[in-house]
Amino acid sequence: MKYALIGCGRISVNHVAAALENELEIVALCDIIPENIEDKFKKFQLPETIRRYTDYKIMLENEKPELVAIATESGKHAQIALDCIQANCNLIIEKPIALSLEDADRIIQASEEKGVKVCACHQNRFNKSIQKIREAVEAKRLGKLFHGTAHIRWNRGADYYTQAPWRGTWEQDGGALMNQCIHNIDLLRWMMGDDITEVVGFTDRLNHDYIEAEDLGLALIRFSNGSYGIVEGTTNIYPQNLEETLYLFGEKGTIKAGGKSVNIIEEWRFQDGLDDMEEVKLTYHENPPNVYGFGHNPLYNDVIDSIKENRQPYVDAYAGRRALELVLAIYKAAYTGQSVKLPMKDCSTINFKGRF
């Protein structure tokens, strides 16, 4: 399967590694900064038969890839995705799928019209720990869900933002919730039943006066099944990343996933007594080298299978839209000082320009 990557920055290493691991035929790498491409060639000792491009439209025309991964700055995801879909490419889009709900809807509509697959790259859904938790949720082992919480307690300093000036801008990125926290926000929504009725929230910029968007976000969520959610996300933790945790509390069970990127199970208590907590903790423990985890490889594997089997990817474009919608709902609630009802139709990060 012919594969191309658009965007060769920070996260691209995981994409190239997953493409190689899944034996895709890499035909091209594209980036507006040629040095970024060369860095990947050196790191992976890629063959010179792979073409280099600085213009993705020319790449699409020349190479006609079957699968494209988009790993550019977030604000460019939507237009590149729409152009790729028009070129009949299946897609893996790094999170967030877009920065506006209108763009997310355009991507969904265009992909369905063209009959191509679109995957939102929420790779943490493939963590061993998360797959085990999802199994318990689908089996209703927790009974009635009471509430769940997502905590993202990370650190990002000036060097991170100066490395890529688009970071922290409303037009190209958003803040901590949209960039760093959206993976765990996605997991919380997914585990708690997906359907949300109402969101209240606060956001602030306490420690990064050189960015436009927030470095702290706090939210309360009311799910339509009667349960509740709490989000706490920040990039202000001193002196380094502390944890990313997900709690689920139900009538008949308690679960905690922790570690740097929800990659280990720390609590596993069920009324049914079907398994031993210590054994589960040992079996579903991963220790990734960074917060990106090991999820890109199985995500790629699933997308390849979804194309071959003509089914939706495990993490489809609708999942990407739901994660985006929740972050935008928190932004809107914080901006207006009022609760926000879901579903939402129209909202974009650009609406909050000048917020701080």
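The values are calculated or read from the model by the stated rules, or taken from the named source; none is laboratory data. Being a predicted model, the structure only gives us computed values, none of them experimental. Don't worry about glycine lacking a Cβ; one is built from the backbone with ideal geometry, like all the others, and counts go over all protein chains shown.
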Here are some residues: Thr283, Thr235. Which one is among the hydroxyl-bearing types (Ser, Thr, Tyr) and either outside the structural domain of Leu142 (by TED's automatic domain parsing) or more than 17 Å from the chain's Cα centre (by Cα) (or both)? Thr283
Taking segment 137-148 as the region of interest, how many residues are closer than 16 Å to Ile265 by Cβ and touching a Gly at 6+ places or on another chain (Cβ under 7 Å)? 3
Let me confirm something: among Tyr284, Tyr318, which residue is crowded, with 19+ Cβ neighbours inside 10 Å and of a type in the set (Phe, Trp, Tyr)? Tyr284
Under 8 Å by Cβ, and 6 or more places apart or on different chains, what pairs join a residue from segment 9-29 that is in contact (Cβ under 8 Å) with a residue 60 or more places away in the chain and buried (at least 21 other Cβ atoms within 10 Å of the Cβ) with one that is among the small types (Gly, Ala, Ser) and part of a strand (DSSP E or B)? His15/Ala69; Ala19/Ala69
Quick check on my filter: what residues within segment 19-62 are acidic (Asp, Glu) and more than 11 Å from Leu5 (Cβ to Cβ)? Glu21, Glu23, Glu25, Glu35, Glu38, Asp39, Glu48, Asp55, Glu61
Would you please list the contacts, defined by Cβ atoms under 7 Å and residues six or more apart or on different chains, that run from a residue in segment 293-315 that is closer than 21 Å to Gly115 by Cβ to a residue that is small (Gly, Ala, Ser) and not in a loop (DSSP other than H, G, I, E, B)? Tyr300/Ala18; Tyr300/Ala19; Gln312/Ser306; Pro313/Ser306; Val315/Ala120
